[in-house]
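Following: one structure in structure tokens, then a few remarks.
The values are calculated or read from the model by the stated rules, or taken from the named source; none is laboratory data. Note that the coordinates shown come from a computational prediction; the quantities given were computed from them, not determined experimentally. Note that each Cβ is placed from the backbone with ideal geometry, even for glycine, and that neighbours are counted across all protein chains shown. Keep in mind that these areas ignore ligands, DNA and RNA; they rest on the heavy atoms of the full protein, side chains included. Shrake-Rupley method; radii C 1.70, N 1.55, O 1.52, S 1.80 Å.
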Amino acid sequence: MNVDSDSDISISDYEETENTVSRSKAKGKGKATDKRKKDKAKRKPKDVQAYTWEANFTRSWETVQEDEGGSLQGAVNDWVARGRRKRLLEPQNAIRRTIIRHMVLIVDLSTSMMDRDMRPTRFALTLQYAREFVLEWFDQNPLGQMAVVGMRAGVGERVCDMSGNPQDVLKSISDRHKLEPTGEPSLQNSIEMARNSMNHLPTHSSREILIIFGSLTTCDPGNIHDTLDQCVQNRIRISIVALAAEMKICRDLCDKTGGQFGVAMNEGHFKDLLFELVPPPAQRALPRSSNAGGGGPGGGGSSTNPASDLMVMGFPTRLPDTSPPSLCVCHSELRSKGFLCPRCLAKICDVPTDCDICGLMIVSSPHLARSYHHLFPVKPYAAVASFDAVADVSSSPSCHACSKPFPTTVSQNVADGMSAIGRYRCPDCNTDFCSDCDVFVHDVIHCCPGCGK
């Protein structure tokens with residue numbers, strides 16, 4: 001019986017086979033090593049920012065850096081210094097602004113918004129920033145009203161009508177399933193819908209369109225330049241925040257109407273571009289000819305300041321919650337609480353708004369008072385460089401607002417625009433404040449505690 005066994009293989013044949021296998025393994029290992037080195041060299045420049053979320057994670061860590069002692073105070077000082085430098089670049093004099101604003105927010109709902117170059121997607125990030133923008137916009141512009149329009153499938157869809165209640169606007173953009181992106185966007189159809197909804201607005205209010213655009217194409221039924229000319233004629237200001245790249249038609253829409261245009265480079269820049277549109281824009285001066293009799297010195301001429309016209313406002317009466325239910329004119333629903341129009345005594349739900357019966361603009365006095373800080377901004381505080389600029393240190397050892405003691409030593413590492421001794425002085429009342437109160441005065445209360453200006 002023939003039985004195969006390993007003993008039939010000679011020793012010399014075994015040694016020769018072992019040497020051959022070892023040489024082939026070494027040769028294959030060398031080839032694999034060289035291949036890995038080549039692949040690594042090829043992948044190296046691509047792995048620097050392979051994914052957007054990895055690049056963003058790196059940038060977030062680089063934003064906040066510790067000093068030698070492990071403290072984050074240096075990063076906080078840099079953030080405050082950037083805010084101070086930005087505030088110093090703003091105009092310090094009173095500028096004529098329109099505090100009664102009407103804005104239409106146009107959101108791109110095309111398939112390009114599902115791209116993941118901004119995490120998690122452009123669509124999800126846009127809805128998140130839009131909600132934050134709406135809250136901040138109504139907080140800074142209590143007399144303003146906003147509508148929302150979506151553009152998808154080549155048409156413009158009305159998401160929310162013009163409303164002065166931020167909760168109505170937030171509710172309209174909170175349901176993601178109703179705003180699911182599909183199809184191609186249409187700039188012309190969306191702008192036409194927004195323009196038609198603002199034709200009836202009075203001339204003393206601003207008409208603005210803010211477009212969040214993430215596509216590189218637009219599907220328009222006609223010539224969009226005709227729509228642009230009509231927007232210029234109706235004095236509608238168009239601002240665009242692009243998420244993909246700059247398009248010439250978008251630049252022309254913003255430049256010819258006096259709006260702002262920007263391309264978001266990352267998530268943080270996207271939010272900055274949006275929130276730059278929160279303050280009311282400066283009113284553009286239109287030249288008007290004087291009267292035939294020459295109302296000014298030198299006879300006939302022209303003035304660049306537009307005429308100041310009085311406008312009619314009404315302050316409503318607020319109904320208590322225990323009042324008997326009655327129908328409101330805005331929703332035709334039975335409600336107990338609400339406001340009464342001072343002219344026609346019609347019941348409305350929220351203010352500010354326009355009465356549906358008599359057309360009177362109804363506002364509340366706190367809303368009107370809160371809108372004035374845009375017209376008369378607080379002057380930037382001057383950073384005190386050294387103790388030589390302080391007349392008597394013992395007379396003002398602490399902050400005038402919060403009574404926090406000032407530092408008694410001079411800081412060595414000071415960012416540009418910051419005070420080395422932690423003092424910031426009001427140019428009108430010459431009182432000193434700390435850095436926290438400086439930020440709080442200019443960003444929140446908009447009134448100097450020392451002089452009341």
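Return a yes/no flag: does segment 197-212 have any residue that is at positive phi, at pLDDT below 95, open to solvent by less than 40 Å² (accessible area, probe 1.4 Å) and more than 24 Å from the chain's Cα centre (by Cα). Taking every residue of segment 197-212 in turn, none turns out to be at positive phi, at pLDDT below 95, open to solvent by less than 40 Å² (accessible area, probe 1.4 Å) and more than 24 Å from the chain's Cα centre (by Cα). Looking at (1) within 32 Å of the chain's Cα centre (by Cα); (2) modelled with pLDDT of 85 or more; (3) more than 30 Å from Met198 (Cβ to Cβ), can you tell me which one Leu360 breaks? Of (1) within 32 Å of the chain's Cα centre (by Cα); (2) modelled with pLDDT of 85 or more; (3) more than 30 Å from Met198 (Cβ to Cβ), only one is false for Leu360: (3). For segment 421-453, the tally of residues that are modelled with pLDDT under 85 and under 11 Å from Pro380 (Cβ atoms) stands at 1. Taking the criterion of being open to solvent by 20 Å² or more (accessible area, probe 1.4 Å), of a type in the set (A, V, I, L, M, F, W, C) and in a strand (DSSP E or B), the residues of segment 152-174 that qualify are Val155, Val159, Met162. Looking only at segment 105-122, decide whether some residue is at pLDDT 65 or above, small (Gly, Ala, Ser) and touching a Gly at 6+ places or on another chain (Cβ under 7 Å). Checked segment 105-122: at least one residue is at pLDDT 65 or above, small (Gly, Ala, Ser) and touching a Gly at 6+ places or on another chain (Cβ under 7 Å).
Could you please let me know if Ile362 is within 19 Å of Gly164 (Cα to Cα), surrounded by 15 or more Cβ atoms within 10 Å (Cβ to Cβ) and touching a Ser or Thr at 6+ places or on another chain (Cβ under 7 Å)? Spelling it out, Ile362 is indeed within 19 Å of Gly164 (Cα to Cα), surrounded by 15 or more Cβ atoms within 10 Å (Cβ to Cβ) and touching a Ser or Thr at 6+ places or on another chain (Cβ under 7 Å). Scanning segment 365-400 for residues that are open to solvent by less than 80 Å² (accessible area, probe 1.4 Å), part of a loop (DSSP other than H, G, I, E, B) and either free of Cβ contacts under 8 Å to residues at least 40 places away in the same chain or within 30 Å of Met313 (Cβ to Cβ) (or both) yields Leu375, Pro377, Val378, Ala385, Ser386, Asp392, Val393, Ser396, Pro397, Cys399. Within segment 77-104, if we keep just the residues that are over 18 Å from the mean Cα position of the chain (by Cα), in a loop (DSSP other than H, G, I, E, B) and not aliphatic (A, V, I, L, M), the residue that is modelled with the highest pLDDT turns out to be Thr98.
Among the residues making up segment 406-419, a single one is at pLDDT below 85 and either open to solvent by less than 20 Å² (accessible area, probe 1.4 Å) or outside the structural domain of Val441 (by TED's automatic domain parsing) (or both): Ser419. Taken over segment 422-442, residues that are without any contact (Cβ under 8 Å) to a residue 40 or more places away in the chain and on the phi < 0 side of the Ramachandran plot amount to 6.
Scanning segment 129-144 for residues that are open to solvent by 20 Å² or more (accessible area, probe 1.4 Å) and touching a residue at least 60 places away in the same chain (Cβ under 8 Å) yields Tyr129, Glu132, Glu136, Gln140.
Being assigned by TED's automatic domain parsing to the domain that holds Leu125, over 21 Å from the mean Cα position of the chain (by Cα) and of a type in the set (A, V, I, L, M) is a description that does not apply to Ile238. If you go through segment 344-354 and pick out every residue that is over 18 Å from Gly144 (Cα atoms) and either assigned to a strand (DSSP E or B) or in contact with a strand residue (DSSP E or B) (Cβ under 6 Å, 6 or more places away or on another chain) (or both), you end up with 1. Scoring Ser403 on the criteria (1) in the same structural domain as His446 (by TED's automatic domain parsing); (2) among the hydroxyl-bearing types (Ser, Thr, Tyr); (3) touching a residue at least 40 places away in the same chain (Cβ under 8 Å) leaves a single failure, condition (3).
If the condition is being within 21 Å of Lys453 (Cβ to Cβ) and either over 34 Å from the mean Cα position of the chain (by Cα) or open to solvent by less than 30 Å² (accessible area, probe 1.4 Å) (or both), then segment 420-429 contributes Arg423, Tyr424, Cys426. Filter segment 239-267 down to the residues that are within 28 Å of Asp443 (Cβ to Cβ) and touching a residue at least 40 places away in the same chain (Cβ under 8 Å), then identify the one that is most open to solvent (accessible area, probe 1.4 Å). The extreme case among them is Asn266.
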